[in-house]
Amino acid sequence: MTTTPIVALDVSTSKAALDLVDDLGEACRFFKVGAELFTASGPSVIREVQARGAEVFLDLKYHDIPNTVAGGVRAAAALGVRLVTVHAVGGPAMLRAAVDGAGDQGRCGVLAVTILTSLGAAEVASSWRRDPGLCIEDEVIRLAEIAKEAGVFGVVCSGKDAGSVKQRFGSSLAVLVPGVRSEGGAMHDQARVSTPAEAAAAGADYIVVGRAITGAPDRRAALRQIRQQL
Ligand code: C5P
């Protein structure tokens with residue numbers, strides 16, 4: 001069981017993104033393009049990353065009516081990205097539409113975001129008018145069940161919840177873990193973080209690492225250290 005690291009290109013220009021891709025070179029072959037970079041640069045940055053022989057995860061976290069999400073995912077799949085995200089709370093019909101939009105899931109896998117790693121129990125409770133004592137792990141499993149039923153490739157959850165998801169669904173559901181920090185690293189805006197070792201031990205198929213690499217003085221060394229912990 002291997003855990004693939006994906007580096008988040010959370011920068012504002014395609015030049016900064018491609019500098020990071022080139023800087024990491026062969027050490028990283030999978031990059032995440034998210035809202036900031038995609039809004040600023042459009043699909044061209046995806047093609048540039050792919051032209052360097054690396055895979056792309058397009059993380060736009062679609063949450064809309066089924067027809068719109070199907071179209072968004074179809075357009076993403078046409079760009080040749082390997083992974084796309086949608087919000088699990090969009091509901092079964094939206095999730096099924098995303099899966100249909102992706103077409104052959106061997107080429108572009110749909111990942112359903114369960115509970116954002118930036119949210120704690122109190123925020124989830126107040127946004128969704130739930131009991132403040134709610135158990136995030138139960139919510140993650142509940143949403144993962146809905147997503148699995150709709151036929152998604154995998155889910156996004158914190159490293160704290162990844163073990164339960166794997167226990168419940170095994171290899172039938174891929175797990176991607178963001179909010180990864182080395183022991184004692186800055187939390188930034190994340191609430192439920194895990195170390196690379198914790199995520200790997202929980203059975204994560206992918207981890208996403210952003211600021212722990214982009215903000216490091218030596219980005220290659222930071223990635224090397226993370227790989228050593230997997
Ligand atoms: O800098 P940091 O490692 O916290 O960045 C995490 C990345 O993973 C960000 O690009 C964020 O958008 C993404 N992400 C997340 N939580 C999710 C899904 C994706 O933090 N549930």
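The values are calculated or read from the model by the stated rules, or taken from the named source; none is laboratory data. Given the structure is predicted, the values throughout are model-derived calculations rather than measurements. Don't worry about glycine lacking a Cβ; one is built from the backbone with ideal geometry, like all the others, and counts go over all protein chains shown. Note: areas computed on protein heavy atoms with side chains; ligands, DNA, RNA excluded. Shrake-Rupley method; radii C 1.70, N 1.55, O 1.52, S 1.80 Å.
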Seminar exercise, completed: Toy charge model, Lys and Arg Cβ at +1, Asp and Glu Cβ at -1: the chain dipole around Cα centroid in debye, rounded to 20, equals 240 debye
Exercise. Going down the table (LYS15/LYS61; LYS15/LYS148; LYS32/LYS160), which pairs top 29 Å between alpha carbons?
Worked result: LYS15/LYS148
Exercise. Hey, what do the phi angles of segment 128-137 turn into as Karplus ³J(HN,Hα) couplings, whole Hz, using 6.51/-1.76/1.60 and θ = phi - 60°, x for Gly and Pro?
Worked result: 10, 6, 10, 4, x, x, 4, 9, 4, 4
For this session: Take the solvent-accessible surface of the protein heavy atoms, probe 1.4 Å, and return the percent of it on the chain that carbon and sulfur atoms account for.
Result: 50 percent
Exercise. Points 7 angstrom from Cα along the Cβ direction at ASN67 and ALA51: gap in nanometres?
Worked result: 3.7 nm
For this session: Using the Karplus curve 6.51 cos²θ - 1.76 cosθ + 1.60 with θ = phi - 60°, work out ³J(HN,Hα) for each residue of segment 110-123 in order, rounded to whole Hz, and write x for Gly and Pro.
Result: 8, 10, 9, 6, 7, 10, 3, 5, 7, 9, x, 4, 5, 5
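Using a probe radius of 1.4 Å on heavy atoms only, what accessible surface per residue do you get for the chain? Whole Å² is fine.
Ligands and nucleic acids excluded, the figure is 44 Å² per residue.
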Exercise. Taking the Cβ-Cβ separation of ARG224 and SER172 as r and a Förster radius of 30 Å, what is the calculated FRET efficiency to the nearest 0.05?
Worked result: 0.40
